[in-house]
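Let me begin by presenting the structure, written as structure tokens, before commenting on it.
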Amino acid sequence: LGAKVRLYGDLVYGKGPQISATITHKQHQDEGALVALGIPRHDDTELQVAATKLWVNGPGNRFWLLHGGLRYSRAAQLGFLGYGGASTDRKWTAEAAVAFFPTREIAIGTEYRQMPDIIPGIPEDDWKDIFVAWFPNKHINITGAWVDTGNVAGVGDQDGWYLSLQGSW
Amino acid sequence: MRNMFGTVLLLSLLTGCQTTPTGSLYEALGKDEGIERLVREVTQLAHEDERIAFLFEETEDEFFIMTLSEQICDISGGPCTYQGLNMREAHSGMGITHAEFNYFVEDLEIAMDNVGLSTSAQNRLLDLLVPMFEDVIHQ
């Protein structure tokens, strides 16, 4: 559940980037599992501020997308492992992405996302990925990615392949 | 792991450099003939696009095709001088919205595909049209 507002600028036509702010409220589906792990919160609200810019004639005469954001959160593994304890312990983390479009239907890019590493005893590493996304039309998006999530729930060096199909109408 | 990211970025930058064309955009668009074909195509598509067709109802097509072709010839480095109205004057009283502008760009993208322009040429042309946005909408 969330709300996103465009604060300033335009993705393509503005002189600077488009700035947006997002407030998200997330709730874990299985509170019992988190209680068993001693994790204090199963839902929380976070804030994100992001700047995004699309160049239509970037290097190689291709579309290039640059995205950077700051997130104020205390989620552990995006909230899959719940949320940190006291009311004041949210952390600012940074994330960035760059992508280029060999054609209008295909994007190739890489993302980096800092993680707050907020819960003592459950270390969390920053996430990195390389992705290829295909937009055969306005409604469908097929994305393949190689994701490195580092240490997840005490199991070190996790990485793997990710494939998603998204539709929007 | 870090090397892999570096390699991908480096590869994309290298291929970027290799495909950078050196000729004028005017030539990449197929000179006068290619430009007119493109403008004719997008004019046709705009008339067929129910989202923006009303904006072209009173357009004198042949005059529009001639002046827009001349303008594109001019800004793409061709041997023409655009003689028409500036973009503010040309769209005065039309009240074109951001969305309608985007619909026209979509039609232009389809037109550029239909006449077989390369991705590079398409993006170079779009880049020349981006700065006109502010003078076209809400006039």
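The values are calculated or read from the model by the stated rules, or taken from the named source; none is laboratory data. Only a predicted model underlies this, so the values are computations on that prediction, with no experimental measurement involved. All Cβ positions, even for glycine, are placed from backbone atoms using ideal geometry, and neighbour counts span all protein chains on display. Surface accessibility is based on the protein's heavy atoms, side chains included, excluding ligands, DNA and RNA. Shrake-Rupley method; radii C 1.70, N 1.55, O 1.52, S 1.80 Å.
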- Task: Determine whether the range A:100-113 contains at least one residue that is under 29 Å from A:Gly16 (Cα atoms), touching a Gly at 6+ places or on another chain (Cβ under 7 Å) and at pLDDT 80 or above.
- Result: yes
Counting only residues that are among the β-branched types (Val, Ile, Thr), open to solvent by less than 60 Å² (accessible area, probe 1.4 Å) and under 15 Å from B:Val39 (Cα atoms), the range B:77-135 contains a total of 2
From the option list B:Thr7, B:Thr59, B:Thr20, single residue qualifying as at pLDDT below 95 and more than 14 Å from chain A (Cβ to nearest Cβ) is B:Thr59
So, A:Asp89, is that one touching a strand residue (DSSP E or B) at 6+ places or on another chain (Cβ under 9 Å), more than 22 Å from A:Pro17 (Cβ to Cβ) and of a type outside the set (Lys, Arg) or not? no
Filtering the range B:45-58 for residues that are outside any helix (DSSP H, G or I) and open to solvent by less than 40 Å² (accessible area, probe 1.4 Å) leaves a count of 2
Of all helices (runs of 4 or more DSSP H) fully inside the range B:67-139, the set with 2 or more residues that are under 26 Å from A:Lys138 (Cα atoms) and away from every other protein chain (no Cβ under 13 Å) is B:98-114
Only unsatisfied item for A:Gln77, checking (1) over 20 Å from A:Ala51 (Cβ atoms); (2) open to solvent by 50 Å² or more (accessible area, probe 1.4 Å); (3) polar (S, T, N, Q), is (2)
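Within the range A:42-72, can you find the residues that are small (Gly, Ala, Ser) and within 12 Å of the chain's Cα centre (by Cα)?
Those that are small (Gly, Ala, Ser) and within 12 Å of the chain's Cα centre (by Cα): A:Ala50, A:Gly68, A:Gly69.
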| query | For A:Pro17, are the conditions met, namely being open to solvent by 30 Å² or more (accessible area, probe 1.4 Å) and within 14 Å of another protein chain (Cβ to nearest Cβ)? | reply | no
Within the range A:20-39, residues at pLDDT below 85 and surrounded by 16 or more Cβ atoms within 10 Å (Cβ to Cβ) come out as A:His28, A:Leu34, A:Ile39
Among residues of the range A:91-117 being within 9 Å of another protein chain (Cβ to nearest Cβ) and within 16 Å of A:Gly150 (Cβ to Cβ), the residue surrounded by the fewest Cβ atoms within 10 Å (Cβ to Cβ) is A:Tyr112
The residue that is farthest from B:Met132 (Cα to Cα), considering only those in the range A:43-72 that are away from chain B (no Cβ under 14 Å) and open to solvent by 40 Å² or more (accessible area, probe 1.4 Å), is A:Asp43
